[in-house]
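One structure is given here, and the rest of the page talks about it.
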């Protein structure tokens, strides 16, 4: 076979999997040249080729053929080539998702932390414990995990309160910061010493009255006190597995 075996998609594109790459660079060049002719005859709009790290020597050959980088992770680079003028190449994901846990105990106190990274520049930045979601992690699971890691407080999910969207995230990405209300199951705080400077249960009245506290945190706390928030709703049959999605809406 003197061409690259590929799989066509519903959008008029075709994809070459790493398992279909020949062993030698010379064979790759030959098969790529023949494949481009075939794909153009078939009126393929866009070609996608995934190159694992172990085959990185193929990258310059693809660049010479006009391919460009589309996205990557720690193990591969995905390249693409537009064969039809004007064909749509969808952009790769440009958002990260962070979570904050709004935890209120029976004494009307809010669980807050101060982070080591910000203690010198923002010494009064008492914020909700939280952090970035892991890949493929649900919001509900991630916010419970982050609160536990930073404060050792065990919680259960109550509701989704709101989110902030901004365009000054890490590595030139946009960021969504989702705040969820959690019910505390324990009360004794033990901080995560690698990231957290200190933590405490902050009386809510004092938190809302403190002019040094971030206005966003105060506003979303007020919202949580007034409204029940959105619940995590199960929709049987919506997707093959409950692990594939989360849906938040009013009950």
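Observations
- Lone unmet requirement of (1) in contact with a strand residue (DSSP E or B) (Cβ under 6 Å, 6 or more places away or on another chain); (2) surrounded by fewer than 16 Cβ atoms within 10 Å (Cβ to Cβ); (3) closer than 30 Å to residue 243 by Cβ for residue 91: (1)
- Qualifying residue in region 63-84 (condition: loosely packed, with under 11 Cβ neighbours inside 10 Å, over 17 Å from residue 2 (Cα atoms) and modelled with pLDDT of 95 or more): yes
Per-residue answers, yes or no, for (1) over 21 Å from the mean Cα position of the chain (by Cα); (2) modelled with pLDDT of 95 or more:
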residue	(1), (2)
122	yes, no
143	no, yes
150	no, yes
155	yes, yes
162	no, yes
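- Region 81-92, subset without any contact (Cβ under 8 Å) to a residue 60 or more places away in the chain and within 25 Å of residue 171 (Cα to Cα), residue nearest to the chain's Cα centre (by Cα): 92
- Members of region 106-145 that are in a loop (DSSP other than H, G, I, E, B) and surrounded by 14 or more Cβ atoms within 10 Å (Cβ to Cβ): 119, 122, 125, 126, 128, 129, 133, 137, 138
- Only listed residue being on the phi < 0 side of the Ramachandran plot and buried (at least 19 other Cβ atoms within 10 Å of the Cβ), chosen from 148, 182: 182
- Pairs with Cβ under 6 Å, 6+ apart, first in region 128-143 and under 24 Å from residue 222 (Cα atoms), second surrounded by fewer than 19 Cβ atoms within 10 Å (Cβ to Cβ): 139/246; 140/157; 140/232
- The strands (runs of 3 or more DSSP E) found wholly in region 1-80 and carrying at least 3 residues that are within 24 Å of residue 135 (Cβ to Cβ), in contact with a strand residue (DSSP E or B) (Cβ under 9 Å, 6 or more places away or on another chain) and touching a residue at least 24 places away in the same chain (Cβ under 8 Å) occupy 46-52.
- All of (1) assigned to a strand (DSSP E or B); (2) farther than 18 Å from residue 3 by Cα hold for residue 92 with one exception: (1).
The values are calculated or read from the model by the stated rules, or taken from the named source; none is laboratory data. Since the structure is predicted, the reported quantities are computational estimates derived from the model, not experimental observations. In this analysis, Cβ positions are derived from the backbone assuming ideal geometry, glycine residues included, and neighbour counts consider all displayed protein chains.
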